[in-house]
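Inspection log for the structure reproduced underneath, given as structure tokens.
The values are calculated or read from the model by the stated rules, or taken from the named source; none is laboratory data. Computed from a predicted model, the values in this text were never measured in an experiment. Because the Cβ atoms are built from the backbone with ideal geometry, glycine has one as well, and the counts that use them run over all protein chains shown.
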Amino acid sequence: MYKCKNCLKEFEKRHAYIGHCRIHSDKVKNRIPKVKIEKKHICTFCTKEFFQGYQLGGHVAHCKENPNRIKTHKGASHTEETKRKISLIRRAYLEKNPDKVPYLMNHSSQESYPEKLVRVRLEELNLTFKCQYRNGIYSYDFAWPEKKIDIEIDGGTHTQEKVKQIDERRDQWSREQGWTIHRFSAIMVKQDLDQVIDQIQQIVA
């Protein structure tokens, strides 16, 4: 058994006793704790400070004040021929993977109120048609597949320039497949449903 002469604490093992005695030594008592000095890394171009050297290195390479900085390359624009090839490849992929088609993902499958008005009236007239008919990567509001007639009821979003361009590409592709497209605005349906129904009857007759 080992006993500390300073505090009379007892230890069974010698190494534990020796380690304990060190806390009573004058050297340990009078030791001045070391203060960790943070080294600052300063950019020579803009004087911005960093605590880590790797941060400074990454900053200097792109520092706006550095005349030899590495400029971010946004990439060159594709040629028209390259864009056409990409478009064809993309369309082929989407036709094989319809679940990934942006048009269908962003095109609501829920029936709008104007579409419901038209559907109910057409059903009352015993006209045979298909709602949300799928053709390629597109979906038609009201379709007569045997006659290749597509009737669309366009809401307010179809007046936006981006949506107009999408509709134009869609209609162009549909025409190439032999379809005819007829569009009616949702406002027109609400204001004069009878006129819209009369025109649809003439179209599908």
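A few points about this structure:
Yes or no, residue by residue, for (1) among the aliphatic types (A, V, I, L, M); (2) under 27 Å from L88 (Cα atoms); (3) touching a strand residue (DSSP E or B) at 6+ places or on another chain (Cβ under 6 Å); (4) part of a helix (DSSP H, G or I):
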site: D141; (1), (2), (3), (4): no, yes, yes, no
site: E152; (1), (2), (3), (4): no, yes, yes, no
site: K162; (1), (2), (3), (4): no, yes, no, yes
site: Q165; (1), (2), (3), (4): no, yes, no, yes
site: R169; (1), (2), (3), (4): no, yes, no, yes
site: K190; (1), (2), (3), (4): no, no, no, yes
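- Against the numbered list (1) in a helix (DSSP H, G or I); (2) in contact with a Phe, Trp or Tyr (Cβ under 6 Å, 6 or more places away or on another chain), Y133 comes up short only at (1).
Per-residue answers, yes or no, for (1) surrounded by 11 or more Cβ atoms within 10 Å (Cβ to Cβ); (2) in a strand (DSSP E or B); (3) at pLDDT 80 or above; (4) in contact with a Lys or Arg (Cβ under 9 Å, 6 or more places away or on another chain):
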position: L8; (1), (2), (3), (4): no, no, yes, no
position: I23; (1), (2), (3), (4): yes, no, no, yes
position: K34; (1), (2), (3), (4): no, no, no, no
position: E38; (1), (2), (3), (4): no, no, no, no
position: T47; (1), (2), (3), (4): no, no, yes, no
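- Checked against (1) of a type in the set (G, A, S); (2) more than 18 Å from S174 (Cβ to Cβ); (3) free of Cβ contacts under 8 Å to residues at least 40 places away in the same chain, G155 passes all but a single condition, namely (3).
- Candidates in segment 124-172 are the residues that are in contact with a Ser or Thr (Cβ under 9 Å, 6 or more places away or on another chain) and of a type in the set (G, A, S); of these, the one that is nearest to S87 (Cα to Cα) is G136.
- Any hit, segment 171-193, residues being without any contact (Cβ under 8 Å) to a residue 12 or more places away in the chain, closer than 23 Å to R134 by Cβ and surrounded by 14 or more Cβ atoms within 10 Å (Cβ to Cβ): yes
- Hits in segment 99-125 - residues which are modelled with pLDDT under 75, exposed (fewer than 12 other Cβ atoms within 10 Å of the Cβ) and either of a type in the set (D, E) or outside any loop (DSSP other than H, G, I, E, B) (or both): D99, K100, P102, M105, N106
- Only one entry in G156, G136 is more than 11 Å from V204 (Cα to Cα) and surrounded by 14 or more Cβ atoms within 10 Å (Cβ to Cβ), namely G136.
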